[in-house]
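Participant: Questions regarding the structure given below will be posed in turn.
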Amino acid sequence: MKFDIELSFYKYQGTGNDFILIDNRSLNFPKENTKLVNFLCDRKFGIGADGLILLEKDDQSDFKMVYYNADGNLSTMCGNGGRCLVAFANKLGIIEDKANFMAVDGHHHATIEGDMVTLQMIDVLKIEEKPKYTFLNTGSPHHVQTVEALDSLKVKNEGAKIRYGIYGQEGANINFVEAVGLNTFAVRTYERGVEDETLSCGTGVTAVALAMHHNQKTTENQVVIETKGGRLEVSFKSEKGAYSQIQLKGPATFVFKGNIIC
């Protein structure tokens, strides 16, 4: 597939959730070209990533986040992607140790210390309890379901069944959870748009922490979540079933930079 374009890009990962990051402050990237985004994210023919993020100028904040799923479509908020974008903005010299940026779900604040980025997520005012699962939106829609023998679960197959069977074409992200300690949970996530399991999902980890607290699986307001790609921490304030001051903390790591002609 030929696009007649040369791009400079950076690759970042947050607990194994990897992203192509592009400085688009000059607005040169062809944002409507979903086939190009899909190609760039392809792990066989392109650069390879779970998603692509554009950093753009914003009149009311330090920068703007524009996020695409690996399928090439614009998507909802990505927590690990947001943390990686903060690290990218720091590398570009746009920010120092604090950031205020605009994303599809509104303004976000973040702090950075070394390779650790703490990102404030949106407030969650409603959590739906179902007989076998919990549903909530943490910037993206999430299905949270506790299971046994998480390590042996066929996440891609089971996740796809739920993603399409319950949520249809629009879909939701599917999180399978198992308690591994008093205040620690392991999670594996099937992500819509990627249509496969990812090593980590920031909005999913946030959803799991809130759901476990809401369902009284933990009484703590700081929860440790183990993903296949590493450890993340979620802290929050809870009052009358609503959650605020939600913070997602974990590493955001620069992998490499390069140019691609395609």
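Participant: Whole Å is fine, so just give me how far the alpha carbon centre of segment 158-185 lies from that of segment 90-135.
Facilitator: 20
Participant: List the GluC sites (Glu not before Pro) in segment 26-116 that DSSP assigns to loop (not H, G, I, E or B) and whose Cβ has at most 11 other Cβ atoms within 10 Å. Which are they?
Facilitator: E32, E96
Participant: Please state the shape class of segment 42-178: rounded when a/c is under 1.5, otherwise prolate if a/b exceeds b/c and oblate if not, all from the C-alpha gyration tensor.
Facilitator: prolate
Participant: Express the relative contact order of the chain as a whole percentage, based on alpha carbon pairs under 8 Å and six or more residues apart in sequence.
Facilitator: Relative contact order for the chain comes out at 23 percent.
Participant: To continue, here is another question. Starting from segment 154-206, pick out the trypsin sites (Lys or Arg not before Pro) whose DSSP state is loop and whose Cβ has at most 10 other Cβ atoms within 10 Å.
Facilitator: Here the trypsin sites (Lys or Arg not before Pro) that fit, given the DSSP loop and packing criteria, are K154.
Participant: Please report S235, S200, S75 as a ranked list, fewest other C-beta atoms within 10 angstrom at the top and most at the bottom.
Facilitator: By the 10 Å Cβ count, ascending, the order reads S235, S75, S200.
Participant: Please go through segment 1-41 and write out the trypsin sites (Lys or Arg not before Pro) that DSSP classes as loop and that have at most 10 other C-beta atoms within 10 Å.
Facilitator: K2
Participant: With point charges of +1 on the Cβ of Lys and Arg and -1 on the Cβ of Asp and Glu, referenced to the Cα centre of the chain, which listed residue (H143, I122, F254) lies farthest in the positive direction of the dipole?
Facilitator: Highest projection toward the positive end goes to H143.
Participant: Starting from the eigenvalues of the Cα gyration tensor, five times each then square-rooted, give me the equivalent ellipsoid semi-axes of the chain, largest first, whole Å.
Facilitator: Square roots of five times the eigenvalues give 29, 21, 16 Å.
Participant: Take the alpha carbon gyration tensor of segment 127-251, find the square roots of its eigenvalues, order them as a ≥ b ≥ c, and report rounded if a/c is under 1.5; if not, report prolate when a/b exceeds b/c, else oblate.
Facilitator: Taking the square roots of the gyration eigenvalues as a ≥ b ≥ c, segment 127-251 is prolate.
Participant: Exposure proxy check: I5, I261 ranked by fewest other beta carbons within 10 Å?
Facilitator: I261, I5
Participant: So what's the net charge close to E113: Lys and Arg +1, Asp and Glu -1, counting the other residues with Cβ under 13 Å from its Cβ?
Facilitator: That works out to 0.
Participant: By the gyration tensor of its Cα atoms, with a ≥ b ≥ c the square roots of the eigenvalues, what is the shape of segment 7-87: rounded for a/c under 1.5, prolate for a/b over b/c, or oblate?
Facilitator: oblate
Participant: To the nearest 0.05, what FRET efficiency results for M116 and K161 with a Förster distance of 41 Å applied to their C-beta separation?
Facilitator: 0.70
Participant: Evaluate E = 1/(1 + (r/R0)^6) for I261 and D71, where r is the Cβ-Cβ distance and R0 equals 25 Å; express this FRET efficiency to the nearest 0.05.
Facilitator: 0.65
Participant: Another question, then. Over the chain, with a Gaussian network built from C-alpha contacts below 10 Å, which listed residue (D97, D42, D23) shows the highest mean-square fluctuation?
Facilitator: D97
Participant: Only counting other Cβ atoms within 10 Å, I'd like S26, S140, S244 sorted with the fewest neighbours first.
Facilitator: S26, S244, S140
Participant: What share of the DSSP beta bridges in the chain is antiparallel, in percent to the nearest 5?
Facilitator: Close to 80 percent.
Participant: Kindly work out what percent of the DSSP beta bridges joining two residues of segment 127-251 are antiparallel, to the nearest 5.
Facilitator: Counting only bridges with both partners in segment 127-251, antiparallel ones make up about 80 percent.
Participant: Pull up the cross-link candidates among the lysines for K91, meaning alpha carbon to alpha carbon under 20 Å and not fewer than 8 places away within one chain.
Facilitator: Straight-line reach from K91, under 20 Å: K11, K57, K64, K249, K257.
Participant: Now for a different question. Is there a pair in K2/K44; K217/K237; K130/K217; K132/K237 whose C-alpha atoms are over 20 Å apart, and which pairs would that be?
Facilitator: Checking Cα-Cα distances, K132/K237 exceed 20 Å.
No lab work stands behind these numbers, since they all come straight from the coordinates. The structure displayed is predicted, hence computed values, not measured ones. Note that we place each Cβ from the backbone using ideal geometry, even for glycine, and neighbour counts take in every protein chain shown.
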